[in-house]
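What follows is a short report on a single structure.
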Amino acid sequence: MWSKSILLLVIISLTCMFSIVYAFLYPILHSLFDETRAQICQSASQYEQCSSNTACACLRLMNTVNDGICAYLRVKCSELISCANNNRTCYRPDHICVNHSRCHSTPLCYPIDMTLQIFCPPIPSMTTPPPPVIPDDGICASATWNQNGVTVAGGNGRGSSLDQLNEPLGLFVDEDAAVYVADTLNFRVVKWASGASSGQVVAGGNGEGNQTNQMKYATKIIIDKNGTMFICDHTNMRVQRWFKNDDHGQTIIENISCWGLALDKEESLYVSDWEKLRIMKWPSEEIVAGGNGQGSALNQLFYPCDVFIDQDQSIFVADDGNQRIIKWPVGAKEGIVVAGHNQLESPQSVVVDQMGAVYAVDYGNHVVRWLKDAASGSIIISQHGAGNGTDELSDPTDLAFDRQGNLYVVDRTNSRVQMFTIDKSSCDRNLVST
């Protein structure tokens, strides 16, 4: 048996050790688990929505098994430092070690003040259904768009000066309403800040070619949250990745007849392969739609021009040759026709809003919308002729929405991008579908 002195020494040692550990952990535990400051994501998946603020999501904590922290994600990756390698802790005060793979493959120290409920308020209890609300993009079933467009890029004739475009094909609109244009026959991508009278070359612009700083017949661009740009360099049979502010790109996919691009919420890339009649997911290189030869069966595609991924990870394809928009739910072996039904001639682009409505640009025709589960669509932007008036379009090829729900359309033959403002006056809260 232990002597009293030895037993007393053990008790004193354990007490001191507990005090040290408690003193070290208390500030972190107090910050994390005090419900008035931060909320824990228990058994939640990485990046799962955890707040009524859609800019917040769950980040997995590195020192627990199943828990995460609800964090405000609009913190620049460049501002985050790596956790200590030996024990995955953070020695920077008021930071916690998390998995944030969108920024880096190794664990990162995240500021605890970006997990406060002032930034990430909890999702209201669903025991009492909340009243219907207008989606974040401001689009409701009864919303309309002005039939007279405003030129936001190009519109000064076909040419290569910075206030001109030359038969553009694709566009991307960022959170600041800046418009990025695949200026196809100028072999470049041009950024037009909101309200600017001319653009800025952000990729290419070094003539036609296949060098890393060149392109040949770019058809589509998309940009991730870090500002990295992905470009369909169609005639060069490749997909290029341009990091922000770089003067050259990197080829990430070769030997692919790329036409359309999309990113899902985990920022995996989807590519429409026009020649092999399929949609491929990258970097896994998984075929997620089509790939069963040319045809009109529900497991086939015929010249897939564009691809879009919705909030449920469903894949929507502008199936040009089959004159339809087809939806492939996650893991499905065949698709479901959600738009077309003898109403489309040559769908070039597809977008789905937060309400689940499907929008398609019909080449040489109109912009058409199908409300969720609708049997037929309605024209929301009519071509009104093939001239260059404010209410006219000539061979539209792509569309996008900004954060307010304003609609942007690539007016190819007129070498411009038109913006059609949304009218939300009819979006009564009691009539909005969620």
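The values are calculated or read from the model by the stated rules, or taken from the named source; none is laboratory data. Predicted model, so just to flag it, every value in this text is computed and none were measured. Here the Cβ is made from the backbone with ideal geometry for all residues, glycine too, and neighbour counts use every protein chain on show. Heads up: the accessible areas ignore ligands, DNA and RNA and are worked out on the full protein's heavy atoms, side chains in. Shrake-Rupley method; radii C 1.70, N 1.55, O 1.52, S 1.80 Å.
Brief remarks on what is shown
- Remark: Gln383 matches the filter, which requires a residue to be touching a Pro at 6+ places or on another chain (Cβ under 8 Å), without any contact (Cβ under 8 Å) to a residue 40 or more places away in the chain, surrounded by fewer than 22 Cβ atoms within 10 Å (Cβ to Cβ) and more than 20 Å from Leu301 (Cβ to Cβ).
- Being open to solvent by 70 Å² or more (accessible area, probe 1.4 Å) and either farther than 28 Å from Gln46 by Cβ or polar (S, T, N, Q) (or both) is true of Glu275.
- Which listed residue, of Asn388, Asn365, is closer than 13 Å to Leu344 by Cα, in the same structural domain as Val338 (by the TED database) and at pLDDT below 90: Asn365
- Filtering region 293-316 to residues that are closer than 21 Å to Gly331 by Cβ and either aromatic (Phe, Trp, Tyr) or not assigned by the TED database to the domain that holds Ile256 (or both) leaves Phe308, Phe316.
- Within the option set Asp310, Asp224, Asp247, Asp264, being in contact (Cβ under 8 Å) with a residue 24 or more places away in the chain, surrounded by fewer than 22 Cβ atoms within 10 Å (Cβ to Cβ), of a type in the set (Asp, Glu) and over 30 Å from Ala55 (Cβ atoms) holds for one residue only, Asp247.
- Residue pairs meeting the criteria (Cβ under 7 Å; at least 6 apart or on separate chains; first assigned by the TED database to the domain that holds Trp259 and on the phi < 0 side of the Ramachandran plot, in region 334-351; second assigned to a strand (DSSP E or B) and open to solvent by 40 Å² or more (accessible area, probe 1.4 Å)): Gly335/Lys327; Ile336/Lys327; Val338/Lys327; Val350/Phe308; Val351/Phe308
- Within region 160-188, the residues that satisfy the criterion of being without any contact (Cβ under 8 Å) to a residue 60 or more places away in the chain, under 18 Å from Lys225 (Cα atoms) and open to solvent by less than 50 Å² (accessible area, probe 1.4 Å) are Asp174, Ala178, Tyr180.
- Pairs, first in the same structural domain as Asn186 (by the TED database) in region 400-423, second of a type in the set (Lys, Arg) and not in a strand (DSSP E or B), C-beta under 9 Å, six or more apart: Gln404/Lys424; Gly405/Lys424
- Once region 278-302 is narrowed to residues that are of a type in the set (A, V, I, L, M) and touching a residue at least 12 places away in the same chain (Cβ under 8 Å), the residue that is surrounded by the most Cβ atoms within 10 Å (Cβ to Cβ) is Leu301.
- Meets criteria (out of contact with any Lys or Arg (no Cβ under 8 Å at 6 or more places or on another chain), open to solvent by 40 Å² or more (accessible area, probe 1.4 Å), at pLDDT 50 or above and farther than 21 Å from Gln311 by Cβ) for Val65: yes
- Candidate set from region 392-401 (those that are in contact with a Phe, Trp or Tyr (Cβ under 8 Å, 6 or more places away or on another chain) and crowded, with 21+ Cβ neighbours inside 10 Å); member that is nearest to His366 (Cα to Cα): Pro396
- Among the residues of region 66-89, those identified as within 15 Å of Thr106 (Cβ to Cβ) and in a loop (DSSP other than H, G, I, E, B) are Leu80, Cys83, Ala84, Asn85, Asn86, Asn87, Arg88, Thr89.
- Of all residues in region 233-257, those that are in contact with a Gly (Cβ under 7 Å, 6 or more places away or on another chain) and assigned to a strand (DSSP E or B) total 3.
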